[in-house]
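Data first, discussion second: the structure below is written as structure tokens.
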Amino acid sequence: MGALLRSLQGKRIAIVVGSGGVGKTSVAAAIALSRAMAGGRALVCTIDPARRLATALGLGTLGNAEALVPPEAFTRAGLASTGQLFAMMLDVKRTWDDLVTRHAPDAATRDRILGNRIYQQVSGALAGSQEYMAMEKLYELSTERDYDLIVLDTPPTAHALDFLEAPDRILDFVGNETARKLFAPALDAGRFGARLLQVGTGFVAKTLSRFTGSDVLSDVGDFLGQFQGMYDGFKERATEVRSLLTRPEVGFVLVASPSPLSVDEALFFHDHLRTAGMPVAGSVANRVTPDLWPFPGPTPGASPLAEALAAGPGSGGADGGLDLAERLSLALSQHQSFAHSDAREVERLRRGASGPHVAVPRLEGDVHDLAGLAALAAHL
């Protein structure tokens with residue numbers, strides 16, 4: 001078992017974080033697969049819009065409910081598993097609906113919010129919705145399920161810190177003090193659109209109503225009014241989620257590509273995790289260009305390569321061999337340039353991040369099945 005997987009042995013929750021396009025989904029699935037193959041009951045939860053995880057696990061589709069990877073999928077991949085592997089894909093809209101259902105004071109309020117046109121439009125599109133709902137689903141799974149390990153593949157974001165800031169964004173939306181003061185008279189009256197249109201000095205309101213119609217304004221007012229009564233419940237739940245992320249049973253796994261920008265972001269996120277008291281289990285440099293010339297001195301030029309080719313069986317002659325040798329020499333030189341650049345960034349990530357660090361080389365093919373995930377897990 002590799003260093004990173006050993007670091008996660010005592011954890012019940014692994015949160016895989018990093019910027020978009022660094023292979024978080026594959027790393028998350030490989031971690032969960034490893035725990036299942038070791039006899040555990042593991043779940044990987046993804047928010048990946050590319051839907052690659054279902055294919056990699058041999059499942060047709062993934063939804064908001066956990067799906068068991070069938071034992072025959074392991075057999076077909078030549079793997080032996082003594083545990084169970086489950087997978088699911090977060091449905092942001094469905095998770096919002098579940099959250100509203102949980103916090104609504106009564107069935108009438110619940111139905112009124114769920115049926116509100118404004119809520120239906122914005123519940124899946126708010127900035128931070130994916131991140132907030134990922135945290136919400138993680139809390140639900142950790143408190144209501146009996147998995148040995150839950151692996152969360154966080155949303156693909158331009159900035160990994162968005163994951164930690166999401167609760168504040170959502171709380172600011174549902175409990176915005178400015179909106180509360182602005183709409184308070186109409187909200188109290190319960191007829192936002194009508195009241196707004198009757199305000200003689202409400203030039204902005206009249207302009208808005210001209211473009212949107214009073215029914216839309218009424219929906220906005222009703223939406224904000226209903227959510228005001230649920231703010232305390234949302235805030236309490238967000239506090240519980242933040243508390244969960246600081247517990248020893250949780251481990252954050254930083255994933256980065258060996259590029260300067262990706263490593264910069266991983267280290268930036270690492271420092272914020274440490275400041276917030278959230279445990280870092282380790283880091284992964286993914287898709288690293290391997291060093292193909294581990295010998296002292298420069299890579300060979302065209303002449304020695306041509307001599308070697310000419311001496312080999314099936315030689316195409318001196319001219320053909322020299323042409324091939326020149327192309328091989330150039331390709332090797334360029335490859336080694338990439339390898340040395342990647343090595344510098346890998347070392348920078350290793351020095352800057354706490355916990356065990358692993359470097360995963362570029363694999364020969366894309367990770368698209370259980371066998372590929374197992375090959376990836378071998379490097380962790």
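Quick note: the coordinates plus some simple rules give every number you see, no bench work behind them. Computed from a predicted model, the values in this text were never measured in an experiment. Note: ideal-geometry Cβ built from the backbone for every residue, glycine included; neighbour counts use all protein chains shown.
If amide hydrogens are placed 1.01 Å from N in the peptide plane, which non-local residues have theirs closer than 5 Å to the one on Asp291?
none
Tell me, Trp293, Trp96 in order of fewest to most beta-carbon neighbours within 10 Å?
Working: Trp293 14, Trp96 23.
Fewest-to-most Cβ neighbours within 10 Å comes out as Trp293, Trp96.
Out of residues 5 or more away from Val280 or on other chains, whose amide H comes under 5 Å of its own, with H placed 1.01 Å from N in the peptide plane?
Phe252
Report the extension gain between Ala371 and Glu326 in nm, rounded to one decimal, defined as 0.36 nm multiplied by the number of residues separating them, less their alpha carbon distance.
12.5 nm
Order by neighbour count: Val288, Val17, Val263, fewest other Cβ atoms within 10 Å first, most last.
With the fewest neighbours first, Val288, Val17, Val263 line up as Val288, Val263, Val17.
Going highest first, how would you order 78-89, 273-284 by mean Cβ packing within 10 Å? Don't jump to the answer; show the numbers that get you there.
Details: 78-89: 17.6, 273-284: 19.2.
Per-residue mean Cβ counts within 10 Å order the peptides as 273-284, 78-89.
If you stretched the chain out fully between Ala108 and Thr239, how much longer would it get, using 0.36 nm times the residue separation minus the C-alpha to C-alpha distance?
Here the answer is 44.5 nm.
For the stretch 1-114, taking Cα atoms only, what is the radius of gyration to one decimal and the Dmax to the nearest whole Å?
16.9, 53
What Kirkwood hydrodynamic radius, in Å, does the stretch 259-315 give when the mean of 1/r is taken over all pairs of distinct Cα atoms and then inverted?
When all Cα pairs of the stretch 259-315 are included, the Kirkwood radius is 15.9 Å.
Cβ neighbours within 10 Å, averaged per peptide: list 348-361, 327-340 in order, most packed at the top.
348-361, 327-340
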